[in-house]
Amino acid sequence: MPEHAAAAGVGVWQSLAVAAVALVGGLLPLLVRWTDRRLHAALALSTGIFLGAVFLHFLPELPHTSAGGLSDRALWSFVLIGVVAVYLAETLFLHAHHEHEDPDQHHRAVGWAALFGLSVHSFTSGVGLVFAAQTPGLGQVVFVAILGHKGFEAFSLASVFQLGKFPRRATLAVVVGFALMTPLGVLAGSLLAGWLAGAGLAAAVALAAGSFLYVCLCELLPEVFHERKDAAMKIVLLLIGILVMNYFAD
């Protein structure tokens, strides 16, 4: 028990550092005047980062998150449910009520979906940081991996909301809320370690991964390339984003 308490204490300080990096990354898009061309360039980079996050972080981490709580088939079933649920929600509700939907509203809907996926991921990263800190050497490795990509994720999230012409104060509130997800995960991991290691957390992460997968492939990528203008630059930025997340893969 003392070891666990000490590990949780280390996790708190580490998670605060992660929150600070997320705030810095999320504030950058708010400090620059964005033209439509710049926004789509930033979105290309952000989409690469998101794709790297879902394929190099979300999905590979699923079996470790489950820790025997769910079978592989059940785990991937929740991923599938996440994909289908977001598609149906968008098709039946968003498009049904907004047949001539304003592009800004569509971008905001994509932003909220991305926020959900990344927030769950950040929360579970905080939980994982607590458990990793109990193993000598492992906690530091996990901390560096989380710290390395959190600023990029926050930057990407803020860029998507900027594309939807979200009010700056509201975007700032989104960034702050996202930055707090890892510290909240550390706190929850310290208080509810036994419950959070079970099937409930694994199902939540799998649902988030599925929803985020849909957003990346069916919303963000088509938005980046819906115009052929600057296609070569967008491809390069997309690849840079993926490579960044590959570098910080756990």
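The values are calculated or read from the model by the stated rules, or taken from the named source; none is laboratory data. Given the structure is predicted, the values throughout are model-derived calculations rather than measurements. Cβ: placed from backbone, ideal geometry, glycine included. Neighbour counts: every protein chain shown. Please note that ligands, DNA and RNA were not included when accessible areas were found on the heavy atoms of the full protein model with its side chains. Shrake-Rupley method; radii C 1.70, N 1.55, O 1.52, S 1.80 Å.
Descriptive notes on the structure:
- In region 58-103, the qualifying residues are those that are modelled with pLDDT under 65 and outside any helix (DSSP H, G or I), and the one that is surrounded by the fewest Cβ atoms within 10 Å (Cβ to Cβ) is HIS100.
- On inspection, ILE146 qualifies as at pLDDT 70 or above and either in contact with a Lys or Arg (Cβ under 7 Å, 6 or more places away or on another chain) or open to solvent by less than 70 Å² (accessible area, probe 1.4 Å) (or both).
- Output for region 161-174, where each listed residue is surrounded by fewer than 23 Cβ atoms within 10 Å (Cβ to Cβ), in contact with a Leu (Cβ under 9 Å, 6 or more places away or on another chain) and either of a type in the set (A, V, I, L, M, F, W, C) or within 18 Å of VAL120 (Cβ to Cβ) (or both): LEU172, VAL174
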